1. For a quick check: with amide H placed at 1.01 Å from N, whose amide H comes under 5 Å from Leu52's, ignoring anything fewer than 5 positions away on the same chain?
2. Taking each pair of distinct Cα atoms in region 1-72 once, what is the resulting Kirkwood hydrodynamic radius in Å?
3. Leaving out ligands, DNA and RNA, what percent of the accessible area of the chain is carbon and sulfur, probe 1.4 Å?
4. For the chain, what is the accessible area per residue in Å², given a 1.4 Å probe and the full set of protein chains?
5. So if each residue of separation counts as 0.36 nm, and I subtract the Cα-Cα distance between Met56 and Gln37, what length gain in nm does that give?
Amino acid sequence: YPNPVRGEFISLQSSDLTKGNYSVRVMNSAGQQVYTQRFNHTGGAINQTIHLPVGMQSGIYILQLDRETSKVLSKTFVVQK
């Protein structure tokens with residue numbers, strides 16, 4: 001959240017993630033990766049703030065959270081400038 005995004009930050013929240021290594025990726029509507037971040041999570045709830053890249057254009061994007069080799073979630077969001 002928020003969706004639509006009107007600033008530079010989005011927040012990824014989950015109440016119960018398993019322990020492990022994760023990666024967050026943001027892709028544009030053409031499937032190009034515009035952001036990536038890796039982190040190690042100790043398990044449980046998470047509230048991760050993501051600073052979107054400078055210069056992101058208005059449009060539809062996909063946020064994907066992966067744990068090692070499996071997809072955990074995929075969410076579509078809109079950036080409005």
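1. Here Phe9, Ile10 satisfy the definition.
2. 12.9
3. Details: 2450 of 5090 Å².
So the carbon and sulfur contribution to the accessible surface is 48 percent.
4. Using a 1.4 Å probe on heavy atoms only, each residue of the chain averages 63 Å².
5. So the extension gain works out to 5.2 nm.
The values are calculated or read from the model by the stated rules, or taken from the named source; none is laboratory data. None of these values were measured; they are calculated from a predicted model. All accessible areas refer to the heavy atoms of the entire protein, side chains included, with ligands and DNA or RNA removed. Shrake-Rupley method; radii C 1.70, N 1.55, O 1.52, S 1.80 Å.
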